[in-house]
1. Given axes a ≥ b ≥ c from the Cα gyration tensor, I'd like to know whether the stretch 194-269 is rounded (a/c under 1.5), prolate (a/b larger than b/c) or oblate.
2. Once the Cβ-Cβ distance between Arg293 and Glu104 is put in as r, and R0 is 22 Å, what FRET efficiency do you end up with, to the nearest 0.05?
3. If the reach is capped at under 24 angstrom between alpha carbons, list the lysines near Lys562, excluding any in the same chain fewer than eight residues apart.
4. Cα to Cα, under 19 Å, and not fewer than 8 places away if on the same chain: which lysines meet these conditions relative to Lys325?
5. Between Ser33 and Ala543, what is the FRET efficiency for a Förster distance of 25 Å, r being their Cβ-Cβ separation, to the nearest 0.05?
6. Nearest 10 degrees is fine. How inclined is helix 546-564 to the longest principal axis of the chain, computing both from alpha carbons?
7. Give me the extension gain from Ala490 to Asp80: residue separation times 0.36 nm, minus the current Cα-Cα distance, reported in nm with one decimal.
8. Give the lysines whose C-alpha is closer than 26 Å to that of Lys128, dropping any in the same chain fewer than 8 places away, or say none.
Amino acid sequence: MRFSDDFISELRARTDLEELVGRYTEIRDRGSSRPRALCPFHSEKTPSFFIYRENQSFYCFGCGIGGDAITFVRNIERLDYVEAVRFLAERAGMNMPTDPVDDEYLRLRRRCYEANREAARFFYACLKTESAAPAREYLKKRQLSPETVKHFGLGYAPDTWDALLKHLKGKGFTESELVAFYLARQGKNGHAYDVFRNKLMFPIIDLRGNVIAFGGRVLDDSKPKYINTSDTVVYKKGSGIYALNFAKNNKERKLILCEGYMDVIAMHQAGFTNAVAALGTAFTQEQVSLLSRYCDELYLSFDSDGAGQTATRRALRMLENAPMKIKVMNLSGGKDPDEIIKSEGKQKIDELISTAQNDTEFALSGARAKYDIKTDGGKLGYINDAVLVLAGISNPVERSIYINRVAEETGTAPEPIQHQVERALKTRSARARQEDFEHRAREAAGDDRGKIPNPERRDNLRACKAEETILASLLLNPDFLTRFAGTLGADSFVTKVNRELYQGIAERIRNHRPLDISYFAEDSTNETINMLAYLQTFSKKIAGTKREFEDCINTLAEEKLKKTVPAGEGLSDADFLRLIESKKNKMGV
Ligand SMILES: [Zn+2]
């Protein structure tokens, strides 16, 4: 237990969740009993993010994220639990109780940073050894200077099973630590071995200068091209931005988003020190919000090949609601930035930056490329596609500028295009209203659309609904725990997620501790917090009576029994019901 319940409860009392959320996203229906907002964690046009003022919690019906002020800060500021509490305490003008430095989790994080830093040093030193010749050859081919290699701390992981392992064990790290930090893997024979072998190594450094992960590139044509650190205590996949530690200091608040490590490094070497790359295969909302803190203008610099263009479109969709200006650089000729710098020099990059297109121009030129607009059929096809792009522009002045441009390009009058765009806009707003309606209906019905983080839910829907009702009811009626102690226990639960949640809630009730999300936050996973937030929302829709609670216990007993009947035994329905009745009696349900 890191913070006392008293401390957390004062922090809660001094934090206004609505005001806090309002700093990151615009809140609709401010002051109403149920304020909502566009979710800052996923991209959406209709607000699904609800704030529950009565218990200072939030829940997003779109992506299923939920929690309290601490959870919100953890997710949006990418902080760990203690850092998030400190963040809120500072805002509230409270002193932190005592710095919990001796805490096990913090200790583990510190060890992980140390092991990573030591590993990065080791890889860098190995780059100078004889066996690293292929890695040096590769760097030479990419024309990276020794200064650049040093600046980015590039290194070489030797082609052996335990070079790093031996080195780090010599520095006092244990095998199990190194496995947990994703530097080693546990082999079938019980011996651990190095994760990264015969790879060019790219250390990934966070904004405070800690080495948090590694990317390892193969030195031949084998697949996969890269191996990356998986989730550890200091790193979560899909959360980081490569080279942001260098690029964040650029005065112009412009960033260039490239596709991979090598592009970024080549750009920096050429003087574009504001180049970064998103780590991981999918560009995430978390990365968008991290970028938006360090730039007002973001230039997408992806390859012009098919995959690069798809990546650009995907990124543009993720960036739709981002608070910065987006430009797309036109890297034609199937080249990446690295190749362009080598063949045409850095001034070509300057030129690409100054001629970068905004998202509308990018979409229009994509549509235009599909048709031969010298022919009537081609013009028509282009105009039809363009109308959909134009109808997506919210600013009317901007819209009319581009309508005129399309008219000019195709040699037609702007009025008919204008007319088509207006029709498309009407259909669009009708659809948006419909979506909004459906959305509210879903919310009212408590339909989660599968966003509840319980992997067993789909196959155990009936049991899960009963389990969720029981848990939600316990939040409303803690006394039910002892009242139904004879018929309900952890064993009554069918799914693991809910069983563990029950154990957590029951333990708190037994120890007379508060049941709000804030008090769970420190020792719970994100999934647990999301689930709790959902249960708090759900608890408003249930009756919360003893009768309902009993019914759910019975449902659970039935579902549990169904599972104990061996498959294929061929019981008739009647026999099955008899079996259930007999077992129920034995259990005293
Ligand atoms: Zn959301």
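Just so you know, all these numbers are worked out from the coordinates, no wet-lab data involved. Note that this is a predicted model, so its numbers are computed, not measured. FYI the Cβ positions are ideal-geometry reconstructions off the backbone, even for glycines, and counts take in every protein chain you see.
1. Details: a/c = 2.38, a/b = 1.41, b/c = 1.69.
Cα axes put the stretch 194-269 in the oblate bin.
2. Working: r = 31 Å, r/R0 = 1.39.
For R0 = 22 Å, the calculated efficiency reads 0.10.
3. Leaving aside lysines fewer than 8 places away in the same chain, those within reach of Lys562 are Lys465, Lys496, Lys583, Lys584, Lys586.
4. Filter leaves Lys45, Lys248, Lys251, Lys254.
5. Numbers: r = 21 Å, r/R0 = 0.84.
Given R0 = 25 Å and the Cβ-Cβ separation, E is 0.75.
6. Between the helix axis and the principal axis of the chain, the angle is about 70 degrees.
7. Working: separation 410, 0.36 × 410 = 147.60 nm, distance 2.97 nm.
Going from the current span to full extension adds 144.6 nm.
8. Excluding near neighbours in sequence, the set is Lys140, Lys141, Lys150, Lys166, Lys169, Lys171, Lys199, Lys223, Lys225, Lys342.
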